[in-house]
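Beneath this line is the structure, given in C-alpha cells, with notes to follow.
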Amino acid sequence: MKWVGRPGAPDEALHPEIVLGFHDLCLVKPVHDDDWYMGSLYDDGSVICWAACNNLYEALRGL
C-alpha cells in the first residue's frame, strides 16, 4: 500500500491492518495508525491511497 500525500513528495509505504474493498475503491486502516485512507484497489492487490480521514465514518461518507 502506498500513500500519495502531496504532488512531488515521495510516496510513503503503509502496512495495512484492515482493507475494505468497494469495486475499484477501498478504505485502508494501517497498523499503528487511527486514520483511514481512501484509494484505488488494483487487480494485482496493490493499493494507492490519495485521501486520509480521521475515522471510518468520515471515510465511508467520502466514498
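The values are calculated or read from the model by the stated rules, or taken from the named source; none is laboratory data. Please read these numbers as outputs of a predicted model, since none were measured by experiment. Neighbour counts are summed over all protein chains in view; Cβ atoms, including those assigned to glycine, are modelled from backbone coordinates with ideal geometry. Quick note on the areas: whole protein, heavy atoms, side chains included, nothing else; ligands and nucleic acids left out. Shrake-Rupley method; radii C 1.70, N 1.55, O 1.52, S 1.80 Å.
Roughly speaking, to the nearest percent, how much of the chain's 1.4 Å accessible area is carbon and sulfur?
Roughly 52 percent of what the probe reaches on the chain is carbon or sulfur.
Could you work out the relative contact order of the chain, using alpha carbon pairs under 8 angstrom and six or more residues apart, expressed as a whole percent?
27 percent
Can you give the net charge of the other residues whose Cβ lies under 13 Å from the Cβ of TYR42, counting K and R as +1 and D and E as -1?
-2
Please get the size of the charge dipole for the chain, origin at its Cα centre, with Cβ charges of +1 on Lys and Arg and -1 on Asp and Glu, quoted in debye to the nearest 20.
I would put it at about 160 debye.
May I ask you to evaluate 6.51 cos²θ - 1.76 cosθ + 1.60, the Karplus curve with θ = phi - 60°, for each residue of segment 27-38 and list the ³J(HN,Hα) values in order in whole Hz, giving x for glycine and proline?
So the Karplus estimates, Gly and Pro as x, are 10, 10, 10, x, 5, 6, 8, 8, 6, 10, 10, 9 Hz.
Taking mean projected area of the Cα convex hull in nm² as the quantity of interest, determine which of (1) 4.7; (2) 4.1; (3) 5.0 was computed from the displayed structure.
(2)
If you count only protein heavy atoms with a 1.4 Å probe, what accessible area per residue comes out for segment 1-46, rounded to a whole Å²?
70 Å²
Can you order the peptides 8-20, 47-59, 26-38 by their average number of other Cβ atoms within 10 Å per residue, highest first?
Highest mean packing first, the order is 26-38, 47-59, 8-20.
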